[in-house]
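The values are calculated or read from the model by the stated rules, or taken from the named source; none is laboratory data. All figures in this text were calculated on a predicted structure; none of them were measured in a lab. Note that we place each Cβ from the backbone using ideal geometry, even for glycine, and neighbour counts take in every protein chain shown.
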Amino acid sequence: MLKHIFRKQHEVQVLVMKYLEAFKMTQENFALALNTCLTDDKACGDFTFLTSETHRFESQADDVREEIKTLMYDKILLPESRGDIMRLLDGIDHVPRFMEIILNMIKTQKLTIPEFLVSDIRELLSASLEACQLMSYQVEDLFKRKGRIKELVAVIDEKESQCDMIERRLITDIFDSDLDGFQKLQLKELIIYLGEISDYVDVLSKQINIMSLKRRV
C-alpha cells in the first residue's frame with residue numbers, strides 16, 4: 001500500500017515538472033511573439049506562428065493539469081494537500097492566459113507599438129518573465145525541498161515592484177504623447193495586462209510560501 005502511494009506521489013511530481021516545462025515554453029513563445037512586434041511590425045507571419053505556438057503550449061499545460069487533477073484525486077494525497085496543489089495550478093494557469101490575451105489584443109486590434117515605448121516594454125517583459133521563472137523554482141522546491149522558497153518570495157516581490165514602476169512610467173509616457181486618444185487607451189490596456197503577470201506571480205509566490213510553511217507544521 002505504501003509503495004503504491006509513494007509511486008503515485010512520484011507520478012504527481014513528474015507531471016508537475018512536465019506542467020512547468022509547458023509553462024516555460026508558453027513564456028518563451030510569448031516573449032518571441034511580443035518582441036516580433038517591438039522589432040518589426042511587418043513580420044506578421046512570424047507573429048501569427050508564435051502566437052499559435054503560445055496557445056499550443058498553454059493548451060499542453062492545461063492537459064497536464066487535468067492529468068494531475070485526475071491522479072491526485074485517486075486518494076494519493078491528504079485532501080488538504082490535494083486542494084492546495086490544485087488551487088496553485090489553477091492560479092498559475094491565469095498567467096499564460098494573460099499572455100494569450102495580450103497577443104490576441106495586438107492581433108485583433110492591429111496594435112502598433114510606438115518606438116518611444118519599446119525600451120520600457122522590453123524591460124517590463126524581461127522583469128515579468130524573470131518573476132515567472134523564480135516562481136517556477138518555488139513550485140519545484142515544494143517537491144524537491146531545496147530551501148529556496150522563502151528567500152525567493154522577497155526577490156519576486158522586488159520584481160513585482162520593479163514592474164509596477166515601469167508600468168506607471170509607460171502609462172505616463174503614453175498619455176503625455178501626441179498619440180490619438182483611442183490609441184492611448186488601447187496601449188494603456190495592453191500595458192496593464194502585461195503588468196498583471198508580475199502582480200499575479202507575486203500573489204502565487206506568497207501562496208507557495210504558505211503551502212511550504214503548512215508542511216512543516
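Which of the residues belonging to the range 64-74 are over 12 Å from Asp90 (Cα atoms) and either in contact with a His (Cβ under 8 Å, 6 or more places away or on another chain) or at pLDDT 80 or above (or both)? Of everything in the range 64-74, those that are over 12 Å from Asp90 (Cα atoms) and either in contact with a His (Cβ under 8 Å, 6 or more places away or on another chain) or at pLDDT 80 or above (or both) turn out to be Glu67, Thr70. Each residue in the range 183-217 was checked for being hydrophobic (A, V, I, L, M, F, W, C) and either modelled with pLDDT of 95 or more or under 15 Å from Ala127 (Cβ atoms) (or both), and 10 pass. Note on the range 161-192: residues that are touching a residue at least 60 places away in the same chain (Cβ under 8 Å) and under 20 Å from the mean Cα position of the chain (by Cα) total 3. In a residue-by-residue description of the range 167-180, the property of being among the aromatic types (Phe, Trp, Tyr), surrounded by fewer than 16 Cβ atoms within 10 Å (Cβ to Cβ) and in a helix (DSSP H, G or I) applies to at least one position.
Is there a residue being of a type in the set (A, V, I, L, M, F, W, C), over 25 Å from Met211 (Cβ atoms) and modelled with pLDDT of 90 or more anywhere in the range 1-11? Checking the range 1-11: not a single residue is of a type in the set (A, V, I, L, M, F, W, C), over 25 Å from Met211 (Cβ atoms) and modelled with pLDDT of 90 or more.
Would you confirm, using the coordinates I've provided, whether Leu111 is crowded, with 16+ Cβ neighbours inside 10 Å, more than 29 Å from Met86 (Cβ to Cβ) and more than 16 Å from the chain's Cα centre (by Cα)? In short, yes.
Scanning the range 98-124 for residues that are among the hydroxyl-bearing types (Ser, Thr, Tyr) and either touching a residue at least 12 places away in the same chain (Cβ under 8 Å) or more than 19 Å from Thr54 (Cα to Cα) (or both) yields Thr112, Ser119. I'd like to verify a number: residues in the range 75-102 that are of a type in the set (A, V, I, L, M), at pLDDT 80 or above and over 14 Å from Val139 (Cβ atoms), how many? Number satisfying all stated conditions: 3.
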